[in-house]
Every structure is written in structure tokens, then in C-alpha cells.
Amino acid sequence: MNLPPIMGDLVVLVPVVTLVVFAALTLLFGVFTRERAALGGLALTGVIAALVFTVFLWLQARAGGVAVTALGGAFRGDALSYAFSFIILIGAGLAVVLADGHRVRLQLDQPEFHPLLLLAAAGGLVLVSAGDLVTLLLGLEIMSLAVYVLAAWRERSRVSEEAGMKYFLLGAFASAVLVYGIALTFGATGRFDFAGIAAAAAAPDFAARGLLLLGALFVLVGLAFKVAFAPFHQWLPDVYTGAPTPVTAFMSVVVKTAAFGALLRTTGTLVDALGVGPIGEVLPAVLAVSIGLTMVVGNFGALLQSGVKRMLAYSAVAHAGYVGLAVLAGGDAGVQAASYYLFTYTFASVAAFAVLLSLMDDDDRGDRLERLAGLGRRRPWLAAALAVIMLSLAGFPPFAGFIGKAVVFQAAIAAGHAALAVLGISTAVVAVVFYARVVMTMYLREPDAHTPVARPIPRRTAVVMAIGLAATVVFGLFPGLWLDWIARAPWWSAGF
Amino acid sequence: MNGTWSDPVAWATLAPLFALAGALANGLFGRRWPEPLPGIVAGVAVAAAFAVSAIAFVGLIGRDAGVALTLWSFLPVAGLDVSVGVVVDALSTTFLLVITGVGLLIHVYSVDYMRDDEDNARYFALLNLFVASMLVLVLADSLVLLFVGWEGVGVCSYLLIGFWFRKKANADAGRKAFIVNRIGDAGFVLASFLVAATFGTLTIAEVNAQAGTFAFGAGVLTTIGLLYLVAATGKSAQFPLHVWLPDAMAGPTPVSALIHAATMVTAGIYLIARLSPLYAQAPAASAVVAWVGVLTALIAAIAALAQTDIKRILAYSTISQLGFMFVAIGVGAYAAAVFHVFTHAFFKALLFLAAGSVIHALHGEQDVRRMGGLGRRMKLTGTTALIGTLAISGVPLLSGFFSKEAILGGTWNSTLVEDYGSRVLFVLLLATAGLTAFYMFRWYHRVFAGPSRLTKDAAAKVHESSSLMTVPLVLLAAFAALAGFLGLPSFAFPNWFKGWLAPALAQVPTLHPPLWVEWLLVLASIVVAAAGLFAGWWIYERGKGAIAAKAGGGALGRFAEGGLGFDAAYRAAVVGPAEGVAGGLAIADRDLLDRGIAAGVTGSSLIGRAVAAWQSGYVRLYALAMFLGLAALAVVAAVVGGRP
């Protein structure tokens, strides 16, 4: 076997290290300056630098056509990790810019805010690049600890503190389950790394399949909590609603994408390891039930909300269900479909929160639907942007949300989950109701005395909106830009 | 025939983009622009589209094959590659020129016509979007993309017909157009499913190529043909779905001109012409097309006799002329059908814009009974309207004469529908041609000639319209008069138009009767046109309309005025029951859905309530839910995994 030199391996870590270094820089810089605006710029620079390195590594890996590992296989540079790192960093960059425009107004401008965002993103990169379960846990905790704090960031805001506390308590519970699952898996196979688990389970004398199943289910639950599969989703509506809105936007893209990256890798490995037969059927079946429940709960839950932020929170649950279809489908097609869905969802979600944020009060409240009344006439650009985003999230062509649904449904059907795809399509019809309600309120409802006067939008927020909107349209019309790009190198599941 | 961007012909791909850019610019910024700017921007956009169309036309002359360009792959659905591509060939280029050329004149005219409307920018944005949709429709290389344009046209027509939506009748007319079109759209979708299932592709060129490999008259081709006919009858206002078009004049008059001449209604003709190799293999479907066409032509011509609204007469005349085109396309005379689209675009746009000029001068008066003698006060409008009238009536050497003659000759000589009564079709069509001349003479005479029946107030204010409105009239009149020479009767003269279109259309063999028969057919069409005009002159000029007044007052006259009772029948048979069902649904909606959604307190949204109840807000209960989920999984693992 021809091993690459150790330094060549470590190059894979550069994006993560970049984020951590910039987190430290931003933190230190915050001690010496009162110029808080510069911190946002520094943080954004860090994200962009990490993005550039990721793209560079990605292109190099494509040219080479092989996955690269570092630290003895604990850290992987393959198509999945690069694609999901790319999406995470795009989401993080947009969220940093979005937060920056409202930082002062919402009293978020303590110097520790940006470092935590960067650390959370770094944890996300570790999560999607993990080559073994211990690294995966490490990444999950780096990310989660930062986000727990961020969710509770707003001082003297009970909802924010409640959100942080809830997230932390339940997250700790989920982590405990995950650790237990990892231990059981190790007990069954004697390995932590995915390649080793697969190899051990493939051995003809492998006897601990039952134990491995239990471990796999617990690992699945630990990750299902992060991506908010029902019945492990209940923290999400409360935390998304209570967290400061820029943090909610960050969570809805970075945390979700990272957790899905880990879930795709883990389920892919474990489903294969469990093999065929009655034991092998359990994990997909459990996943299918959970995903079906997630789509129902998310969409029907959103139906009843009168607050847009909470509606978007439930809709995040629903979208997790749709990405879940791709996870269930598995294989290259599943990973590609999931990556397209999350990539375009990143833009749509951040843009939606950007519009919402521009309409909310300085105490980070005021997301009631009625406040959008007559927005079509009062703020035609803002309304048009939100309308397109809503239609895309609802899955209307020609926007990206339509293609996203089409590819995940297609992947699910191709993998033999037609019934679940039908359920997905049916619940998507329900989703039209609450998304369309936003559009209708903006254009058809007359504003009354309680409708607040919209404030001017910070330029940075407008940029986020414009990018989100443009991406939603462009990747809807030209889905091949992403789909062809990621499909060209068939080394998704290669070489665990 | 794969093209590249270096080929100027391919630049026609940009035409819809220009129109779309105009629509976007007007839609987003137009409201803040000063008065004529929205119109100018919209006009420039269409002019640019016309320019690239003209380049494509020049580039295609003398070339057999068109240019196909696959722009990008939209969605690779399992086994069915849905890509976005265009075809620029003789057929699409002809339509491009008509749409953008006539469309441009209508835009110019609109600048003045809509000058005082406060929603100017919305108007021009929609007008551009309408043109853009139609351009997408004719350029599409696949039925999927064609459907995108097809729907876009439908939506724009809805928005433009109901442009002055504050008046309920206008909004209703918009809705009627939309709903009737939906029926056609259902046919389109069903047909496309069948095409995908039969041919495994939705690319038009491949469908056409494969259709040739089927047996002549194969059942599946007939079914597809009939379903696309349903689509075409909706869009092109053919019997029995023609009822929306007479109401569609509720929109601003230039919109009527656009709908009737350049866009929308010709879409059905285009669709069938585009699929002509398929229809040429399906004689039964073709025969139905022809018979639908002739019935429509006749019914609409009769209804046109009794109308009193200046635009409604023209609307029925459009339906009737579209019937002529359907006959042509049904009997296999595809080039003749497209030729009639071409000539009709000029004289019908001319007639509508002339009507608009009159309405403008009379400040909204549309009843021909309160007009008359206007030609003396509005010389340019009157003269150009006369040219349009004579052209549509089929007076020799004007454009309508040649295109109508081509259709009549094609019908007589058809082999495709020879077994389905082609000679009867011919006779009925010939009679309709006579009626056309008659009702058009009536239209002209009631509006522009004879004694004035205007009120004193109105008469004092009559004025010729501004040059922005009259210049398009003059240009259209020139084309209406001369365009026919491009398609001289092919049995005796070189027919340039037919040769130009030949590579893009299916060629169906025709009968070749002796030359004297062909000349006799020409003579017949001259005679019926003359007879129609003479009858009109006899009744309205010499008899002062007394006979007509007596006939019009009778039951038969009222029947014709009501459009032969179609609206009444639909109201009784479809709209009434539908309203009953809708009323029931509305009650269900209020009582079940709305309450459940809005309040979530009562009603049927049980799942939503269950979710809400589950979401208690207490961490301990959430943790319990997670624990229970986990425990359930552990039990499953123990049961399944414990087994050997």
C-alpha cells in the first residue's frame, strides 16, 4: 500500500484550523478594540478563507480522484466532506453577514459572539469530515456547545435563555445516547472508524450483529436529535423561536447541514454493516417511520402557527423530513440529492430569516403574520423576495425548492420507498397552505393601524437577501450547476 | 442540425429574453418612471426581439434545416431527459416575425392609447411578458418547454383581459378565459403523458421522427392527436371552447389586437403545425381537426352577423378565421394554415387597432348602432380599416384572398381527409367565406360609412388619432394589402411561402385536378366574396339596413346575437352545477378548513392539534418523548437482534 506522506494528509485539516485560528483572532482582537464592526469583518474573512481552502482541496481531490485521510483515518477529505463543508461555510458566511447587520440593534454585539459562530462552523466541518465515531462525537460537541451558548445569547431575554437551556438539556441527553451507541458499536465490532466497522461486520465470523443493531439505533437517535427527526424534534420549534433570530438562521443551515452530513455517512456505513436479513431491515424501517412522522409533524405543525419565525421552525422540521428521504435512499444518489437540497435550502432559509429580521422589532420579537399585511405595496422588493423564497420552499417550479423535492423524491422512489415519497408529496401539498398564506398576506391583506412601519434594511442584510434570492432562481433554472458538478466524480462512497 | 452561438440564426434564442428583460424592468421600476418611458422600454425590448428574429430569418433563407440548440439540461428524470432547448427553423421564425413584428406595432400604438392610464407600467410589463411567453412557446424544442410558454400565455391573457379589474365584468372575462383555457390545458397535459409513455421522449423533433415509424392511422397517434386538439381548441378558441374569446375584448383594445393577431390564439395552430408529421399519420384526428374548424368558422360567422359591439364583431370574426386555419391544418395544407396565420395577423391587428382608434375618438363608445359616417372624420383610420375589411373578405390581390384561396384549394384537393368529407368541408367553408365578406362589410358600413348616428356631444369631439396610433395602422394596412404575394396560388405560380416552410412541415400528398378545376376554385372564392360584399351593400347601403333590422329583431337574430346560445347552454349545463358544487365546497371550506387552519381550535385539523398539544414547552416532556422513542427502538433491537 502506497501511503501518502503525513503532511499531505494534514492539509485536509486546513479549513478547520483556519476557522479555529480566526475564532481565536477574533476573540483576542475583541479584547483590544472597541471597534466591534471590525470583528464581523474578521470573522467573515475567516469563513471565506476556509471556503477558499475547501474549494482548493475539493478541486485537487477531484483531479486526483481519491479520498484523502489524516490522523490515521480519523479525518477524511472525500466528496461528502468537501461538498458538505462547502455548504456549511456558505451558510456560515451568510449568517455572519446577516448577524452583523442587526448585531447592535438586537444587543448581540459582545465580542465573544463571532468567535462562537466560527467555532460552531469548525465543529460542523469536523462532523462532516469525521472518519470515525469518536471524531464525529468531538465535532458534534464542538459545534453544539457553541450553539447552546449562542441560543441563549440575548441577555435579559427569557425566551432566549429558555431556548439555550432547553437545547442544552435535551442536547446533553441526545449526546449521552450517542455516546452509548458508539460504545455499543465498539463493543460489537471492536472498532471506532467507519472503515473498520464495515470490515469487522463483513467478516464471515461476525456474531454480534444484534449488539451492532442496538448500537446503530442509538447512534441514529443521537444524530436524529440534531437533524430533528420526529419524535426527537421537539426542542427545535422552541429553540428556533427563542434563539436570537440571526442564531436561528445560523442553526437552520450550518447545524442542520453538518448533522445531515454525519447522518449520511453513519447510516450509509451502518446499514451496509448490518447487511441483509431481518436485522438489516430494522434500521431502514425505523428511519422510514421516523421520516414519515417528521414530514407529517413538521408540515401540520407549521399549519397552525401565527408567528412566521415559529412557522419557519416547523418548516425546518418538515424539510429535515424531505432530506431524510435522501438519507434513506442512501448511496451516491441519496447523498447527491441531499447535498442539492441542503445547498439550496441554505440560501432560501437565510434569505427568509433575513427578510423576517428586517421586519422584527429591536427586542427580536414581532414576527406575527399580520405584520406582513400590505407588504407587497409598502416594500415591493422585500415582498417579492419573500414571495419567491416562500414559493421555493413550498416547492414551486422553477425555483430551487422544486428541484430539491424532485431529486429527493426521485432518489426515494428509485430506492424502493415509493410509499414514503407519496407521503412526502402529500404533505408538501399541506405545506403550500402555510407558505402561500405568507404570500397572500403580503399582497392581498390591507395593512391596519397595528401594522408597523418597516425600517430601512441594512445593506449587508440586503446583500444576503439578494444572494439567497439569486441562488434560489439560478439553481432552480440550472440545477445542473450543482447536480452535474457533484455527480461527475463517482467517488462518493469509495474507500471507507 | 445542432447549432452554435456563432451562427446568427441561433441568436433568435435571445428574443424571449429581450421581452422578458423588458417585462422585468417595467414590472420592477416602471412605476417610478415618467410618462412615456415604460412604453418606450417595452417597445425597445420587442424591437430587439424583432431584430434577432429578422437576423434568423435572413440567415435561414436558402437553408433547408433549422438550427436546434440545447441550452441546458433541466431535470434528468429517470429515462426522460427534460432539457431546455430551442428550435429556430422556418416555422418558428415565421411565428417569431409575426409575434415581434405585429407586437412591436401594437406596442407603439399602445404608448398613445394607454397614455392616461395610471397603471401604465403594469400594462407594458404584462404586454412584454405576453410576448415573451409566446416566443418561448414557438421556440421550444420540447413539449415541456412549449407548455411553459403555453401556460405563460394563459396567465398573461388572464391578467391583461382583466387589466381593468376594478370593473367586475372585466375581471369575470379574465377568469372565463382562464378557466376555459384550463380545460384545454388538461388535454395538453394528458397528451404529453401519452407522448412520454409512447415515445419515451418529449422532444418534438424525436416525437415527429418516431411518429413516422408508426402505422398510418395508428390508434395511439389518433388519441394523442385528439388530446392535443382539445388543448388547441382551448387556446385557439375553437368550438366548443370558443366562448372565452368574445368576452376577452374586455381588456384594453391593443391587448385584443395582440391576442387575436400575434399571440395566444395562434398557439393552437402552431402546436398542431409543429406536430404536423404526427397528424399526417393520423387521418382520423386530422379529420376531427378539420370538422371542428369548419363548424367553428360557420358558427362564429353566423354569430358575427348579429353583434352590435365594434370589437365583438371582430372577435367572432377571429374565431371564424381561426376555424379556417384549423380546416387547413386538418386537411393537411399546413403551409396554407401558417400562411393564413401570417396574413390574418396583419389584417386582424389592423382592424382591432382601427376599432381602438374609433373607441378612443368616441371616448369609450363601442356600440356600432351609435356610430356611422366616421370615415369622413377619421380619414386615415377609415381608409386603413377599409383595406383590412377588403383583405379579410377575400377581395382579389389583397392578402386574405390568397391565403383563403390556398385553404379552399387545399381542402378540395386533400388526400388526408378525402374519406372524411373533404368536399363537404369545402362547400361549408366557401359559404363561410361569403358570410365573412357580408358581416365585415356590415362592420365597416356601420362604423365608417352611411349616415352618422352619433350623439351631438360625441360628434363634436370626434378626431383622428395621433400619429403614434395611425402609423401602425398604415404599416399594417400595407402588409394586409401586399403580404399575399408571398404565397401566390401554387398550381400556377411560384409560391415562395410554401417553399420557405417546406422543410419544417410534413408534406402530405394532394390531388392534382386539371388546371381548369383549380382556376374554377379560385373563381368560386372570388364570386362568394363579391356576393357577400354585394349583399352587404344591398342591405345596408341601398336598403338602409331595414331588412337587417327586421331580421335582427326576430328570435333568430337574438339567437345569433347571443353567440348561438353557447354561453347560455354552458351557464345552464356547466356553470350552474359547478357553482352549486363550489357553493357546497365553500361551506365545507369555511366550516372545515378555514377554522381549523386559522384557529386550530375547532375543525378537522386533528394532526396539527395533536402536534401542538405534544409541543407542551416542558423539557421534561420532550425528554420523555425522546426516551420513549429510544425505549421503543431498544425493544425492537432486542426482539429482532436477539433472534439468531
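Note on the protein assembly as shown: dipole from Cβ charges, positive end direction compared against A:Val16, A:Val97, B:Val153; the farthest Cα belongs to B:Val153.
Normalised radius of gyration for chain B, please: alpha carbon Rg relative to 2.2 N^0.38 Å, two decimal places.
Values: Rg = 27.5 Å, N = 644, 2.2 N^0.38 = 25.7 Å.
Normalised Cα radius of gyration, chain B: 1.07.
For segment A:180-232 and segment B:338-366, write down the distance between their C-alpha centroids in whole Å. Centre-to-centre distance over Cα atoms comes out at 76 Å.
Let me know the charge dipole size of chain A about its Cα centre in debye, to the nearest 20, where only the beta-carbon of Lys, Arg (+1) and Asp, Glu (-1) is charged. Show your work: numbers first, answer last.
Values: 30 positive and 26 negative charges, 214 e Å.
With Lys and Arg at +1 and Asp and Glu at -1, about 1020 debye.
Restricting the calculation to Cα atoms, segment A:5-495 shows an Rg/Rh of 0.96 when the hydrodynamic-style radius is the Kirkwood one. Ranking A:Ala258, B:Gly400, A:Val47 by how far each Cα lies toward the positive end of the dipole of the protein assembly as shown (charges on Cβ) leaves B:Gly400 at the top.
Run the reach check for A:Lys226 against lysines, Cα to Cα strictly under 24 Å, same-chain hits fewer than 8 apart removed. What comes back? Those lysines meeting the cut-off are A:Lys166, A:Lys256, A:Lys309, A:Lys405.
Which value, in Å to one decimal place, does the Kirkwood hydrodynamic radius take for segment B:406-467 when every pair of different Cα atoms is included?
On the way: mean 1/r = 0.0657 Å⁻¹.
Value: 15.2 Å, from the Cα pair sum.
Neighbouring Cβ atoms from other chains, within 10 Å of the Cβ of residues in A:163-175, number 2 on average.
Partner shielding of B:616-628 amounts to 5, given as the average count of beta-carbon atoms from other chains within 10 Å of each residue beta-carbon.
Sorted ascending by nearby beta carbons within 10 Å, beginning with the fewest, B:Asp89, B:Asp457 become B:Asp457, B:Asp89. The simple Förster model, with R0 at 56 Å and r as the Cβ-Cβ distance, assigns A:Ala24 and A:Leu211 a FRET efficiency of 0.85. The ranking of B:Thr432, B:Thr318, B:Thr308 by Cβ neighbour count inside 10 Å, starting from the fewest, reads B:Thr308, B:Thr432, B:Thr318.
Between A:Ala419 and A:Ala203, what's the calculated FRET efficiency when r is the beta-carbon distance and R0 is 41 Å? Round to 0.05. The partial results should precede the final answer.
On the way: r = 35 Å, r/R0 = 0.84.
It comes out at approximately 0.75.
Taking the C-alpha atoms only, the angle from helix A:278-303 to the longest principal axis of chain A is near 0 degrees. Counting other Cβ atoms within 10 Å of each Cβ, which chymotrypsin sites (Phe, Trp or Tyr not before Pro) in segment B:198-257 have at most 15 and sit in a DSSP loop? Listed in order of number, the matching sites are B:Phe216. Under 12 Å from a label point set 7 Å out along the Cα-to-Cβ vector of B:Asp119, the amide N atoms of segment B:249-267 belong to B:251-252. Shielding value for A:291-301 is 3, the average number of Cβ atoms from other chains within 10 Å of each residue's Cβ.
Multiplying the residue separation of B:Asp419 and B:Ile526 by 0.36 nm and removing their Cα-Cα distance gives an extension gain of 35.8 nm.
The label point for B:Ala459 and the one for B:Arg31, both projected 7 Å from the Cα toward the Cβ, are 4.5 nm apart. When the helices of chain A are scored as -39500 (n - 2.57) per DSSP H run of n ≥ 4 and the total is divided over every residue, the value at 222 nm lands at -25000 deg cm²/dmol.
Arranged from fewest to most other beta-carbon atoms within 10 Å of their beta carbon, B:Val131, B:Val508, A:Val422, A:Val296 become A:Val422, B:Val508, A:Val296, B:Val131.
Roughly how large, in nm² to one decimal, is the mean projection of the convex hull of the alpha-carbon atoms in segment B:1-141? Each step should come with its number before you reach the end.
Working: hull surface 36.3 nm².
The Cα convex hull of segment B:1-141, projected and averaged over all directions, gives 9.1 nm².
Calculated FRET efficiency, B:Trp537 to B:Val474, Cβ-Cβ distance, R0 = 25 Å: about 0.45 to the nearest 0.05. Dipole orientation for chain A: of the candidates A:Ala329, A:Val31, A:Met465, A:Met465 has the Cα lying most toward the positive pole (charges on Cβ; Lys, Arg +1; Asp, Glu -1). For a modelled paramagnetic label at B:Ser452, 7 Å from Cα along Cα-to-Cβ, the residues of segment B:353-368 in reach, with backbone nitrogen under 17 Å, are B:358-368. Taking 18 Å as the cut-off, the amide N atoms of segment B:288-309 that come nearer than this to a point 7 Å along the Cα-to-beta-carbon line of B:Glu365 belong to B:308-309. Given the pairs B:Lys379/B:Lys461; B:Lys348/B:Lys404; B:Lys311/B:Lys498; B:Lys348/B:Lys461; B:Lys167/B:Lys235, which span a C-alpha to C-alpha distance of over 22 angstrom in this model? Beyond 22 Å: B:Lys311/B:Lys498; B:Lys348/B:Lys461; B:Lys167/B:Lys235.
Over its Cα atoms, what ratio of radius of gyration to 2.2 N^0.38 Å does the protein assembly as shown give? Numbers along the way, then the final one.
Numbers: Rg = 34.3 Å, N = 1140, 2.2 N^0.38 = 31.9 Å.
Expressed relative to 2.2 N^0.38 Å, the Cα Rg reads 1.07.
Roughly how many whole Å is it from the C-alpha centroid of segment B:315-332 to that of segment B:206-280? Result: 11 Å between the Cα centres.
Computed about its Cα centre, the charge dipole of segment B:100-155 is approximately 160 debye, with only Lys, Arg, Asp and Glu carrying charge at their Cβ. Peptides B:17-26, A:219-228, A:401-410, B:467-476, ordered by how many other C-beta atoms sit within 10 Å of their residues on average, highest first, read A:219-228, A:401-410, B:17-26, B:467-476.
Mean residue ellipticity at 222 nm from the helices of chain B, using -39,500 (n - 2.57) per DSSP H segment of n ≥ 4 over the full residue count, to the nearest 500 deg cm²/dmol?
-22000 deg cm²/dmol
Counted over segment B:405-520 with a bin width of 10 Å, the fraction of Cα pairs per bin, in whole percents, is 10, 25, 29, 18, 12, 5, 0.
Values quoted throughout were computed directly from the atomic coordinates according to the rules given, and no laboratory measurement underlies them. As the structure is a prediction and not an experimental result, all values here were calculated from the model. All Cβ positions, even for glycine, are placed from backbone atoms using ideal geometry, and neighbour counts span all protein chains on display.
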